[in-house]
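S.K.: Questions regarding the structure given below will be posed in turn.
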Amino acid sequence: MSDEAQLEARLEEQDTFDPPEAFVEQANVSDEGIYKEFEENWPEAWERAADLLTWESEWEEVLDDENEPFYEWFVDGELNAAANCVDRHLDGRGDEAAIEWVGELGETRTYTYEQLHREVNEFAAALRETGVGEDDIVTLYMPMIPELPVAMLACARIGAPHSVVFAGFSADALAERMNAADSETLVTCDGYYRRGDALDHLSKAREGLADVDGDVTTIVADRLGDDADSDIADDEHVYAELVADHEGATVEPVTRDAEDMLFLMYTSGTTGKPKGVKHTTGGYLSYAAWTSHAVLDIKPEDTYWCSADIGWITGHSYIVYGPLALGTTTVMYEGTPDYPEKDRLWEIVEEHEVTQLYTAPTAIRAFMKWGPEYPDAHDLSSLRLLGTVGEPINPRAWKWYYKHIGNESCPVVDTWWQTETGGMMITTLPALGTMKPGSAGPPLPGVSADIVDAGGDPVEAGKAGYLVVNKPWPGMLRTLYDNDERFIDEYWREYSLPERDQWVYCPEDGAKLDDDGYITVLGRVDDVLNVSGHRLGTMEIESAIVGVEGVAEAAVVGGDHEMKGEAVYAYAITEDEQDETDAFREEIIAAVEDAIGPIARPEAVVFTPELPKTRSGKIMRRLLEDIANGDDIGNTSTLRNPDVVDDIQEKVE
Ligand code: WTA
């Protein structure tokens, strides 16, 4: 066997990996006692997280659990998130890079903390002048351009919560989120580059605005210059002009209560309507900073890179708030990993001497498929730690990442968490935990999780059950915007345990517990799909499909997909007079893209005369999933219409 083949064979066999010694020696958290400390001193131990921030006034109480499950953290503490992410670093790190932005076309822009401070102040002043007041929700519909984090921090500075809408979402999705949040200010841009092409973003934003209630103030950043399709209209503000009008302005950071809203983030749930997850200033920021410190091992002198999009929670917590709260350099990349070549990420790691990389399993699967020659062509020795998030990672992909990107000398943290949790919840600590590819690890210190059955009783080790979180944590969502009732319905169950009745948080993920206390997350147990690490609601997609004239009924399920993890499979029943043509299929696909965006594009649309239903009339999604996957479908005797299964199977084949 060649050396290479021997190495592969050894990796293949190896089930556990210990943290590399060189990493352990320099790690932020390397004392095993941390778990015990949190256990014995809970909830006060969470002060460790809050102590990473600068407070204007200290909290009176760490946790107020009087009105469960409406927990409050760091009660009566006061702070400003922008002051924590920018101002307090000016003295020590004013000339150091806060953001290193890499555009798709290869240009770079560096913002030192000094420059970031200046931009944030100027834009904060501009926002105020356009009428944004404290607690007004500002929608940011922007791609990965530096104006996005600047705008987020400007909002935080004046106490106006932001609601970032992923730029890949459609006009309809934008309108729905703006209306739901009663948002009357929109910051967007003319467009951005994708694989070298200039994409028109402004037309999409305008189309969405047409459906927004109320009088909206629109601010448009210029990304494309002469490549832009349309000029900025008279009733739209030009970002650069507004900022220029406020050159040198300073805006005193608004004092915010720990429990004041920092931002809203809309995410998919089981019903057709996205949920407005509310995060707070004190608890969320403490949690983002603490997990960045303890799990990503971020230090001020690092050049840290999370390749997510800021339009999702991962980008909020681990491109913007966590890293900047710690005063480090955070890298931000506009484009795709395979443009202009498949080594783009490795080129950036080499050029910027990136020390930590945090990415998604779907990307790692793509790198694997492209082959090791792309990373091999670059010097990646600056890397010290690797992380993944967004979906379960299979051991093969984990090992590939560990070997080909980390050169077997970087710990890999597989971090389980959600939009709602604000930050990481289940993962090994990189200097402490033995790594077990495929298993996220134990809950973080201070986080308490269990695997239970449908009745709330713990299931045996090794058996699959529902993941639940038993204690509150500072980064948790506080409610769903304007909907406390749905917040309780969707996330909380009151379990009667022998000692006491207890509220538990239900993330809607399946998982199993290993003997060593590690948790292997299996995936969603509700009607939410995870496509390339993006969260999509089947109901949202279904309602777009039944909105197409000629469709009588639809069901959407997730099928296994080699690269995307899951892909959208749509089954549609057409009305009698509707021809089931390819053109009609395209019409359905277009409707989904219009309602949500290209990320929700169905992999296949299958026309079927009926959907498999139980005797009580419920669609058997599980069965449709099995059909999509070509799996054995087992017993169908509980169906009202078992014959339909053969029919659909034939069509899928
Ligand atoms: C899934 C993204 C397995 C999970 C931060 C969760 C994961 C959903 C992991 C949340 C992981 C996230 N292992 N599954 N390491 N990380 N998930 O809200 O199903 O976009 O419920 O937050 O992603 O997705 P969301």
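S.K.: Hey, what's segment 272-392 come to in accessible area per residue, 1.4 Å probe, Å²?
M.R.: Accessible area per residue: 25 Å².
S.K.: Separate question: Considering only DSSP beta bridges whose two residues both sit in segment 37-166, what percent are antiparallel, to the nearest 5?
M.R.: About 75 percent, rounded to the nearest 5.
S.K.: Could you go through segment 145-153 in sequence order and give the Karplus-derived ³J(HN,Hα) for each residue, using 6.51 cos²θ - 1.76 cosθ + 1.60 with θ = phi - 60°, rounded to whole Hz, and x for Gly and Pro?
M.R.: 3J(HN,Hα) across segment 145-153, in whole Hz: 10, x, 4, 5, x, 4, 5, 4, 6.
S.K.: Quick one: compute the contact order of the chain, relative version, from alpha carbon pairs under 8 angstrom and 6+ residues apart, as a percent.
M.R.: So the answer I get is 13 percent.
S.K.: Once phi is turned into ³J(HN,Hα) by the Karplus curve 6.51 cos²θ - 1.76 cosθ + 1.60 with θ = phi - 60°, what whole-Hz value does each residue of segment 567-577 show in order, with x for glycine and proline?
M.R.: Coupling constants for segment 567-577: 10, 7, 10, 10, 10, 10, 9, 9, 6, 3, 7 Hz.
S.K.: Over segment 532-652, what is the mean sequence separation of C-alpha contacts under 8 Å (at least six apart), divided by residue count, expressed as relative contact order in percent?
M.R.: 24
S.K.: Sticking with this one: Percent of Cα-Cα pairs more than 50 Å apart in the chain, please.
M.R.: Roughly 9 percent, rounded to a whole number.
S.K.: Using the Cα gyration tensor of segment 1-109, with a ≥ b ≥ c the square roots of its eigenvalues, what is the shape: rounded (a/c below 1.5), prolate (a/b larger than b/c) or oblate (neither)?
M.R.: oblate
S.K.: Another one. Roughly how many percent of the accessible protein surface of segment 104-189 is carbon and sulfur, given a 1.4 Å probe and a whole-percent answer?
M.R.: Accessible surface attributable to carbon and sulfur in segment 104-189 totals 40 percent.
S.K.: Also, quick follow-up: Hey, if you put +1 on the Cβ of every Lys and Arg and -1 on every Asp and Glu Cβ in segment 532-652, which of Val652, Ile589, Asn629 ends up farthest toward the positive end of that dipole?
M.R.: Asn629
S.K.: I'd like the trypsin sites (Lys or Arg not before Pro) in segment 181-215 restricted to DSSP loop residues with at most 11 other Cβ atoms within 10 Å, sorted by number.
M.R.: Filter output for segment 181-215: Arg195.
S.K.: Roll a 1.4 Å probe over the protein chains and send me the accessible area per residue for segment 532-652 in Å².
M.R.: That works out to 48 Å² for each residue.
S.K.: Right, another one. Can you list the residues, at least 5 places off or on another chain, whose amide H is less than 5 Å from the amide H of Thr434, using H built in the peptide plane?
M.R.: none
S.K.: What are the semi-axes of the equivalent ellipsoid for segment 343-382, taken as the square roots of 5 times the Cα gyration tensor eigenvalues, largest first, in whole Å?
M.R.: 17, 13, 7
S.K.: Which pairs, out of Lys342/Lys369; Lys399/Lys436; Lys204/Lys275; Lys512/Lys618, put more than 20 Å between their alpha-carbon atoms?
M.R.: The answer is Lys204/Lys275; Lys512/Lys618.
S.K.: Sticking with this structure for a sec: Please list, in order along segment 167-178, the HN-Hα scalar couplings obtained from phi with the Karplus expression 6.51 cos²θ - 1.76 cosθ + 1.60 (θ = phi - 60°), rounded to whole Hz, x for Gly and Pro.
M.R.: With coefficients 6.51, -1.76 and 1.60, one gets 5, x, 6, 7, 4, 4, 5, 4, 4, 4, 5, 5 Hz.
S.K.: Please name which of Gly441, Ala366, Ala240 has its Cα lying farthest along the dipole of the chain towards the positive end, using unit charges on Cβ (Lys, Arg +1; Asp, Glu -1) and the Cα centre as origin.
M.R.: Projecting each Cα onto the dipole axis, the largest value belongs to Gly441.
S.K.: As an exercise, find the ratio Rg/Rh for segment 532-652 from alpha-carbon atoms, using the Kirkwood inverse-distance average for Rh.
M.R.: Dividing the radius of gyration by the Kirkwood radius yields 0.95.
S.K.: Would you work out what percent of the accessible area of segment 532-652, with all protein chains in place, is carbon or sulfur (probe 1.4 Å)?
M.R.: Using a 1.4 Å probe with all protein chains present, segment 532-652 comes out at 43 percent carbon and sulfur.
S.K.: Heavy-atom accessible area per residue, segment 178-259, 1.4 Å probe: how many Å²?
M.R.: 49
S.K.: What is the dipole size for the chain, taken about its Cα centre, with +1 at each Lys and Arg Cβ and -1 at each Asp and Glu Cβ, in debye to the nearest 20?
M.R.: With only Lys, Arg, Asp and Glu charged at Cβ, the dipole is about 1200 debye.
S.K.: Further question: Within segment 451-536, list the trypsin sites (Lys or Arg not before Pro) lying in a DSSP loop whose Cβ has at most 13 other Cβ atoms in a 10 Å radius.
M.R.: Answer in residue order: Lys463, Arg500.
The values are calculated or read from the model by the stated rules, or taken from the named source; none is laboratory data. If you're wondering where the values come from, they're calculated on a predicted model, not measured in any experiment. Cβ coordinates were reconstructed from backbone atoms using ideal geometry, including for glycine residues, and neighbour counts include every protein chain displayed. Please note that ligands, DNA and RNA were not included when accessible areas were found on the heavy atoms of the full protein model with its side chains. Shrake-Rupley method; radii C 1.70, N 1.55, O 1.52, S 1.80 Å.
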